[in-house]
Amino acid sequence: SAVISQKPSRDICQRGTSLTIQCQVDSQVTMMFWYRQQPGQSLTLIATANQGSEATYESGFVIDKFPISRPNLTFSTLTVSNMSPEDSSIYLCSVVDAVTDTQYFGPGTRLTVL
Amino acid sequence: AQKITQTQPGMFVQEKEAVTLDCTYDTSDQSYGLFWYKQPSSGEMIFLIYQGSYDEQNATEGRYSLNFQKARKSANLVISASQLGDSAMYFCAMNSNAGGTSYGKLTFGQGTILTVHP
């Protein structure tokens, strides 16, 4: 199974600032996925990050708010820009094991915006 | 569009007993995958079990088994011999294996909170 790490594991940020979350995978993967889980809610896909191309965003999410980088096949970053308290969530990256079709998640980044 | 329904907001089970968590789904795809994840209070999403739509046998992983009934579009999780450490939120999810842009996009249910009593 893929081993995924995320940094930071948690952070408390001030309104109007930005935070960049890093996701590192121990193997090369074509696609990486970023999810958000708001308090008491289920997970929602933010975007799909492919190496060498622009990320694909889901309805309700825009690049200006959640810019994503994917510089190589094992790493991606998600930035939460101009944060407001409504951005307080757990942010998780995810990859698919192409051999087994199993999908794994990183440990998550717990973000609190004051 | 895909949809996952978990009708049990909360479930209680006695330690060492078995428990079934319900999940029904809706999709027009012919090829899809069904997943169960455990989320403890730490927030991480722990993969438990996977069932492909074309798999004829129900998936099993240790104490976890997936009761897959394709015609009824249900994918219930059975946890045998419950342990106190099983207390957590459990999510059912699905994706499409049809390839293209939908591959890897998971649709989640609302989750079921499982509490194991000693």
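The values are calculated or read from the model by the stated rules, or taken from the named source; none is laboratory data. Keep in mind it's a predicted model, so treat the numbers as computed, not measured. Positions of Cβ are backbone-derived with ideal geometry, glycine not excepted, and every protein chain shown enters the neighbour counts.
The sole residue among A:L111, A:L78 that is assigned to a strand (DSSP E or B), at negative phi, within 12 Å of chain B (Cβ to nearest Cβ) and aliphatic (A, V, I, L, M) is A:L111.
Among the residues making up the range A:42-57, a single one is modelled with pLDDT of 95 or more and outside any strand (DSSP E or B): A:S42. Among the numbered conditions (1) surrounded by fewer than 16 Cβ atoms within 10 Å (Cβ to Cβ); (2) closer than 23 Å to B:F47 by Cβ, the only one that A:Q22 does not meet is (1).
The residue that is surrounded by the most Cβ atoms within 10 Å (Cβ to Cβ), among those in the range A:25-53 that are over 14 Å from the mean Cα position of the chain (by Cα) and within 13 Å of chain B (Cβ to nearest Cβ), is A:V29. Among the residues examined, B:E56 does not qualify as acidic (D, E), surrounded by 13 or more Cβ atoms within 10 Å (Cβ to Cβ) and part of a loop (DSSP other than H, G, I, E, B).
Going by the conditions given, is B:Y90 within 11 Å of chain A (Cβ to nearest Cβ) and buried (at least 18 other Cβ atoms within 10 Å of the Cβ)? So B:Y90 fails the test.
Please verify whether A:Y104 is out of contact with any Lys or Arg (no Cβ under 9 Å at 6 or more places or on another chain) and either at the interface with chain B (Cβ under 9 Å from one of its Cβ atoms) or not small (G, A, S) (or both), treating the condition exactly as stated. Yes: the conditions hold for A:Y104.
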